[in-house]
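First up is the structure itself, then whatever we jot down about it.
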Amino acid sequence: MQDYVGQIALCVARGKVSKSAPFPPEMKGQDGADEIAAAAIEKGVPPDVLLEGCMKGMDRIGKEFSEKKAAVTNLVISAAAMNAVLKHIKPFLQSGEVKRKGKFVIGTVSGDLHDIGKNLVSMIITGGGFEVIDLGVDVPTSKFLAALAEHPGCFVGLSALLTITMPNMEKSVKAIKEAHPDIKVLVGGAPITHEFSRRIGADFYSPNPHEAVEFLNGQVA
Ligand code: B1M
């Protein structure tokens, strides 16, 4: 298992999407994230192992970016490699109950284009038995409000990955709570904390998709 974690982490960190991908030149001709994930699934490796590899790879490239050893293009290619893995595990994450427990509106807040974490949360919440309405990235408050009006009784989740978009999360959460005091608002994303979540008036902060599902299940129980 550990081998798959390491191999996937390397492909994600280096941005090796598939065998035919020319990048990075030093891995030319080697299997990429796509082939390794396919082989792992074929061998019955649990999807969590592949996700662990993805997170390790993303942490590595994120650290290199912070240290100015990697550029934005490296982040883009790493994201493509992680998406190549997610493609293989998506059916597992979504194989939950068919009968829907409720609706969950989700989006990445205004000014923020990061969607890998949000997509993962969407997949796992879908697998947890909820219908997910995904508003995408860079979602203005008005778009959240319009979706909530269209789906009465839903839950809503906001994701943010940048410290500079946290104030936009705050604005959206406050506007949502003002217009719909009864709608439960869930927030998440790397820079978000319990303290921040409480301060902006969200109902729940989840550091990962699993706790988000647990929270939603608790609401419909
Ligand atoms: Co950017 N980026 N990025 N980036 N990027 C970070 C976030 C950064 C930490 C990198 C770094 O400096 N080390 C840094 C933010 C620093 C800060 O604000 N503190 C950063 C920066 C600075 C930027 C740009 C400004 C770079 C630039 O242009 N100079 C720029 C901003 C663009 C914009 O949004 N306006 C930018 C751009 C990009 C790309 C587009 C190139 C690409 C994103 C591609 C995409 O998403 N389609 C990208 C990437 C890939 C990253 C890193 C490397 C990886 C993010 C990721 O996908 N992680 C990231 C560094 C890092 O995280 N190590 C970085 C994997 C994902 C599964 O984890 O999203 O955390 P995550 O989601 C987790 C949890 O947070 C949680 O569950 C998920 C699964 O566990 N979660 C929720 C997330 N949302 C949730 C919602 C919930 C519940 C849980 O409920 C609703």
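Tell me the angle of helix 33-42 to the major Cα principal axis of the chain, expressed in degrees between 0 and 90 and rounded to the nearest ten.
80 degrees
Roughly to the nearest percent, how much of the accessible area of the chain is carbon and sulfur, given a 1.4 Å probe?
On the chain, the fraction of accessible area on carbon and sulfur atoms equals 57 percent.
Taking the Cα centre of each part, how many Å lie between segment 67-131 and segment 132-209?
16 Å
Measuring with a 1.4 Å probe in the full set of protein chains, what accessible area per residue, in whole Å², belongs to segment 112-191?
The answer is 42 Å² per residue.
Can you tell me which lysines have their Cα less than 28 Å from the Cα of K171? Leave out same-chain residues fewer than eight positions away.
Within the straight-line cut-off, K171 pairs with K103, K118, K143, K184.
Rounded to the nearest 500 deg cm²/dmol, what is the calculated helix-only ellipticity per residue at 222 nm for the chain, with -39500 (n - 2.57) per DSSP H run of length n ≥ 4?
Calculated at 222 nm, the ellipticity per residue is -17000 deg cm²/dmol.
How fast does the chain diffuse by Stokes-Einstein, in µm²/s, taking the Kirkwood radius from C-alpha pairs at 10 °C and 1.306 mPa s?
D = 88 µm²/s.
Mind checking the dipole of the chain: about its Cα centre, +1 per Lys or Arg Cβ, -1 per Asp or Glu Cβ, Debye to the nearest 20?
Dipole about the Cα centre, nearest 20: 200 debye.
Could you give me the ³J(HN,Hα) list for segment 208-221, computed from phi with Karplus coefficients 6.51, -1.76, 1.60 and θ = phi - 60°, whole Hz, x at Gly and Pro?
Once θ is set to phi - 60°, the couplings for segment 208-221 become 8, x, 5, 5, 5, 5, 4, 4, 5, 4, x, 6, 9, 5 Hz.
Rounded, prolate or oblate, given the Cα gyration tensor of segment 1-53, with a/c below 1.5 counting as rounded?
Prolate shape, in that a/c is at least 1.5 and a/b is the bigger ratio.
Place the peptides 32-45, 194-207 in order of packing, highest mean first, counting for every residue the other Cβ atoms within 10 Å and averaging per peptide.
Highest-to-lowest ranking by the protection proxy: 32-45, 194-207.
If I model segment 114-163 as equal point scatterers sitting on the Cα atoms and use the Debye formula, what is log10 I(q)/I(0) at q = 0.17, 0.21, 0.23 Å⁻¹?
Once normalised to I(0) and log-transformed, intensities are -0.54, -0.80, -0.94.
So, in nm, how far is label S66 from label K174 when the simple model puts each one 7 Å beyond its Cα toward the Cβ?
If labels sit at S66 and K174, their model points lie 2.9 nm apart.
May I ask you to order 176-183, 7-14 by the average number of other C-beta atoms within 10 Å around their residues, highest value first?
Packing proxy ranking, top to bottom: 7-14, 176-183.
Alpha carbons only, please: Rg and Dmax for segment 137-221, in angstrom.
According to the Cα coordinates of segment 137-221, Rg and Dmax are 12.0, 36 Å.
On the principal axes of its Cα set, how long, how wide and how thick is segment 16-102? Give whole Å, largest value first.
Extents along the principal axes, in whole Å: 47, 30, 17.
Highest first, please rank the peptides 125-134, 49-58 by the mean number of other Cβ atoms sitting within 10 Å of their residues.
49-58, 125-134
The values are calculated or read from the model by the stated rules, or taken from the named source; none is laboratory data. Please read these numbers as outputs of a predicted model, since none were measured by experiment. Note that we place each Cβ from the backbone using ideal geometry, even for glycine, and neighbour counts take in every protein chain shown. Quick note on the areas: whole protein, heavy atoms, side chains included, nothing else; ligands and nucleic acids left out. Shrake-Rupley method; radii C 1.70, N 1.55, O 1.52, S 1.80 Å.
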